[in-house]
Amino acid sequence: MKRVFEAGTHLILDGYTSNTLILQDLDRVRAFLNEYPDRMHMTKIMPPYVFRYQGDSSQESGLSGIVIIAESHISIHTFPTKGYVSVDVFSCKPFDIDEATQYLVEYFHLSNFHRQVLDRGVEYPKEINESIAMIHEDRLEELERIADT
C-alpha cells in the first residue's frame, strides 16, 4: 500500500511541572524556541516570537510563542497557575520523536506528560479494501513499536 501524500509528523505534548517559574519566564521560553530547532536538526527561518497573555483571570494567563521553521513550526503555550505547558512540533522533515520528547521533559522539568504523534496530510486509497489493509498495516507497526519499548 502506498500513501499518496504525507505532509509530516506532528508531535503534541501536554505536560505538568511544579516549577511554575519556568512557565512564566519569557526569556527562558524564547531561548527554548531559539535553540530547539537546531537541536532537532530543523531550519529556523525567523526569530521566535513570545508573548505574555493576561486573561480575565490568572488561570487564563501565560505565555504563547512560536518559531517558524523551514519544515513548518514549533509553538508553545504555558499556563503557570496550572503548572501546564503545551508544545506542538510539526515538521515535514522526519525527526526523532523520543529525543524531542525527552528534551521537552528535561527543559521544562515535567513530572507528568502526555504525548500524541500524528502523521499529517496522509491520504489513504479511495478503495475500501485497500484502506482497510493500510490501516491494519499501520496498527501492526504501532503495536510492534510499543512492544519494543
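None of the figures in this text is laboratory data; all of them are computed from the coordinates on show. Just so it is clear, the structure is predicted and the values come from calculations on it, not from any experiment. Methodologically, a virtual Cβ is constructed for each residue, glycine included, from the backbone with ideal geometry; neighbour enumeration extends over all protein chains shown.
Points worth noting:
- From its DSSP helices (H runs of at least four residues, each -39,500 (n - 2.57)), the chain gives a residue-normalised ellipticity at 222 nm of -11000 deg cm²/dmol.
- Start at zero, step by 10 Å, and the Cα-Cα distances of segment 20-64 spread as 26, 45, 23, 7 percent across the bins.
- Summary: within the chain, the longest segment free of GluC sites (Glu not before Pro) located in DSSP loops with at most 13 other C-beta atoms within 10 Å is 7-122.
- Reference-scaled alpha-carbon Rg (2.2 N^0.38 Å with N residues) for segment 1-113: 1.09
- Axial C-alpha extent at least 24 Å, average Kyte-Doolittle at least -0.5 - helices from the chain (DSSP): 128-148
- For the chain, size of Cβ-based charge dipole, Lys and Arg +1, Asp and Glu -1, in debye: 480 debye
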